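Read the structure below first, then the notes.
What follows is calculated from the coordinates using simple rules that are stated; it is not laboratory data. In this text the structure is predicted, and so the values were computed from the model without any measurement. Positions of Cβ are backbone-derived with ideal geometry, glycine not excepted, and every protein chain shown enters the neighbour counts.
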Amino acid sequence: MTKFGIGQGVPRWEDPRLLRGGGQYSDDLNQPGQAHGFVLRSPHAHAIIRSIDTRAAIAAPGVLSVHTGADIVAAGYGSVPCLVAREKADGTPMFTPPNLPLREGRVRYVGDYVAFVVAESHDMARDAAELIEVDYEPLPSVTATKDTLRDGAQDVWDEAPGNVCFVFEQGDAALVDTAIQSAHHVTTLDLDISRVAVAPMEPRACIGEYDQFAERYTLYTGTQGPHLVRQVIAEPMLRVPQNRLRVVSKDMGGAFGMRSGPYCENLLCLHAAKELGRPVKWVGDRAEHFMADDQARDNISTIELALDEHGKFLALRVKTVANLGAYLTMFGPHSSTNNLGTLAGTYTTSAIFTHVTGVFSNTPSTGPYRGAGRPEAAYVLERTIDTAAAELGIDPAELRRRNYIPESALPYQTGLVFNYDSGQFEKNMDTALTMSDYAGFEVRRDTAKADGKLRGIGISNVIEQAAGGFPEWAEIRFDPSGTVTVVMGTHNHGQGHETVFRQMLADRLGLEFEQIYYQQGDSDHGMAGTGTFGSRSSGVGGASLMMAADKIIDKARQMASHHLEAAEDDIAFTDGVFTVAGTDKSTTLIECAKLLQNFMTAPPDMDVGLNEWASWRPPAPTYPNGCHIAEVEIDPQTGVLKIANYVAVDDVGTVLNPLLLDGQLHGGIAQGAGQIMMENVIWDRESGQLNTGSFMDYVMPRADNLPNFQSAVNEDAPSPTNPMGIKGAGEAGCVGAMPALMNAIVDAMRPAGVRTLDMPATPHRIWQALQGGDAT
Amino acid sequence: MTDVKRIGRDERVRVTCTVNGKRQSGFAEPRTLLSDFLRHELYLYGTHVGCEHGVCGACTVTLNGRLARSCMTFAVQAEGAAIGTVEGLSDAGTLNALQRAFTEFGALQCGFCTAGILISATHFLAKVPNPTEEDVRAMLSGHLCRCTGYEGMVRAILSVAESSS
């Protein structure tokens, strides 16, 4: 057993580098001779560009080139492709807006791409951009989701009248209609899920490079999937084969889904680099992040939950309007349509129907963000269950208990899409109820009341789909000295995979961490890769790594058989050592690697070298699940909200490293809490101007807003769909936190006559709701 | 009244200061921020820029013993000053007690906000050697972290305080 095997809370291998200032984030990279680009952005939410005069900018000191939409069209580039195809109500394909990196003729949100200036320095480029004269004809705009479908709302695209991009339905509408009509009770609820900025701490940046002799581009930028980004930039956008583009991603200061795909600046830098014969660097600032980077969530739903007289869920109908922004980026409709199975929850509800209308607005694109549709669906379901519990006078824990999918029923095809492979849903809730002292809550509520405070408790049972679909690749290469290089197709940027994959490999091959060199993030190094998103890296990347490791063992065993002069079947492999059964004859994996790497010692009937790769394609997704319970206290005088207690019980399958798992769960809960308590991107409804353009206006959770979270894991129901029983942990915290917290907040306010409240539950909105006012 | 040195808008002037105990110099325009000067003139990329408006705290350094947002300080203001950055916290190849605690308690994930937080926490522990959890959270509230939920940092800082008291 190596000292850092699977299941141990090993501190991260990457930490010393990051703690000593040795990270290599995108703006830490520079190329000799690089020039600097700056994007001139639209000051209007919606406007016709009558003309652009770039003469003064081109003449400005240090300016090398100025590019406009016309140049990009003339160069023949393609749009940022949208990989998720959906249809309109009439069954014809949805309208996919042109998404070239600079706009021609019209801009469609504040921050939209107008021109790109390249100069000797960033300041020179920015100064010159101010000299560009754009003649705009402002048009009316529409930004708020609830306004997009109104009669007379401004069309964002002439090609999409009424602002409808697609209509997507899942489930059996007729079955649900029948069940709702004849139900004992129907709970109806309208919920508004706010728009959030992803706000990783590192702003985006990139460098584009072009080698005129090899006729080959290189893009340096932080991305969750270098191979995927190469694929969607090379042929669709640059119109070159994939081997003419290299994508390199080093350290990244957070991504959370936002850096899954390409951004317009990537192509702008590559284009300008080719034109100028110099590398071109672009570094975005925080204001640009709030204006133009992909944002997330943002939908409104009407929900109906039908129950029988015993509180059994009969049917669920959800109608959602999802705000896509003005353009569709790589994953476009993914979040609003691909994770709806979470609406089934951990319950036996047999009839579920959901209808999603994707709409355009004069806002930046929405894309994946921690959970990507999972927290939204969980929120819709679990908020409605609490509302039903209150209406029927049934305890929320008891109502859930009456509807659980029992462990004995697994595997279980739910009423909507998901087919659960494993899970102990009721046990998770029981553990959480104990940890949160649910039974003692009424006493705490009374104590708070005596103190003039409102106290509430909220449960959410959550389940999500993870680690399905896309394959992943891993390579293991030994060198002649017997040390190892492992190359992964996933991308670690804070999760700790650099450590976890070392743990897996150390465990399987009996190596020490120091013997392993880990590589990722370079499309020239890794053979192939999909990337890190959807809680998939440990499960899918880990499985491919284990398959490659098994190939290594097989080949090395053959070498050992030669070396030890014994039959392969008689040789056992344990902790890095091959031993002939019943003898003291043994050799190590590393010795076998050395022998195989040397053509003089490798047996003639074997290929020289010990290098293997493997790909693994998940046969089915996994279903991480759990129960979160939040307890909050509100000061009705001020509306100030305090999280008094937070308990999370999560089943993420096999735990690889409890220290890192804690980090993933806590971070996810913090992000969910941020959205519920404070975060909200707002545009002025009339002008379409962005009101939340800085960290002064867009509020994120700080250390004094959050309590210590208590967490526990259930490892008794590992996933049977991948070799290690992993389910995935990246998104679970966020999925659980949103409904648990809002259920607790509404529970606290219910005695004051509040039935529901929309996020963010800021003191102002809480106070207004307590006064019986409209909390807007 | 101190003498005010007039510098032209695009004029680059030499700025000399002591960084992590070492005398360093580089060039800056009047508008060059200290954060950009440290990173792109002195190649000290450990100091990170997260917002350029003084809210996120990633760029925090010490300037003559006091904490400063290097994105809200001009490079020319650092003339003759003593600056402390993350690169100066520990000797090559080693971690100091606070850095060790950060790794032990999982106080960092992507690592981008970490440099500023280490600088603030070091300064804080020197002034408040026996802090309560509330003190630590109040100090940390000058920083934004998107990954961790802060809990690992709180525990790491408290553990360092405990072991040195």
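Quick one: check the C-alpha center-to-center distance for the range A:609-627 versus the range A:58-103, whole angstrom. Cα centres, the range A:609-627 to the range A:58-103: 35 Å. Each of A:LEU18, A:GLY482, A:ILE300 was placed along the dipole of chain A (beta-carbon charges, centred on the mean Cα), and the one lying farthest toward the positive end is A:ILE300.
Estimated from the Cβ-Cβ distance and a Förster radius of 30 angstrom, the FRET efficiency linking A:ALA581 and A:ALA620 is about 0.20. If you take the beta carbon distance between A:ALA450 and A:ILE682 as r and set R0 to 30 Å, what does 1/(1 + (r/R0)^6) give as a FRET efficiency, to the nearest 0.05? For A:ALA450 and A:ILE682, the calculated efficiency is 0.20. Distance from the C-alpha centroid of the range A:460-475 to that of the range A:279-339: 19 Å, rounded to the whole angstrom. Average 1/r across all pairs of distinct alpha carbons in chain B, invert it, and you get the Kirkwood radius: 16.5 Å.
Dividing the mean sequence gap of close Cα pairs (under 8 Å, 6+ apart) by how many residues the range B:14-87 holds gives a relative contact order of 40 percent. Along the axis of the charge dipole computed for chain A (Cβ charges of +1 for Lys and Arg, -1 for Asp and Glu, origin at the Cα centre), the listed residues A:PRO140, A:GLY7, A:GLN771 are led at the positive end by A:PRO140. Counting Cβ atoms of other protein chains within 10 Å of each Cβ in A:200-209 and taking the mean gives 4.
Would you calculate a helix-derived [θ] at 222 nm for chain A, using -39,500 (n - 2.57) for each DSSP H run of n ≥ 4 and dividing by the full residue count, to the nearest 500?
-8000 deg cm²/dmol
Of the residues A:THR601, A:ALA372, A:THR756, the one whose Cα sits farthest toward the positive end of the charge dipole of chain A, with +1 on the Cβ of Lys and Arg and -1 on the Cβ of Asp and Glu, is A:THR756.
Report note on the peptides A:130-138, A:710-718, A:361-369, B:51-59: ranked by the mean count of other C-beta atoms within 10 Å, highest first, their order is A:361-369, B:51-59, A:710-718, A:130-138. When peptides A:607-613, B:100-106 are ranked by their average number of other Cβ atoms within 10 Å per residue, the highest-first order is B:100-106, A:607-613.
In a simple Cβ point-charge model (Lys, Arg +1; Asp, Glu -1; nothing else charged), the protein assembly as shown has a dipole of about 1440 debye relative to its Cα centre.
So which trypsin sites (Lys or Arg not before Pro) in the range A:231-280 end up in coil per DSSP with only 14 or fewer other C-beta atoms within 10 Å? Qualifying residues, ordered by number: A:ARG239.
In this Cβ point-charge picture (+1 for Lys and Arg, -1 for Asp and Glu), the range A:600-745 has a dipole of about 160 debye about its Cα centre.
From largest to smallest, the equivalent ellipsoid semi-axes obtained for chain A from the alpha-carbon gyration tensor read 42, 39, 23 Å. The GluC sites (Glu not before Pro) of the range A:556-593 meeting both criteria, a DSSP state outside H, G, I, E and B (loop) and at most 16 other C-beta atoms within 10 angstrom of the site's C-beta, are A:GLU565.
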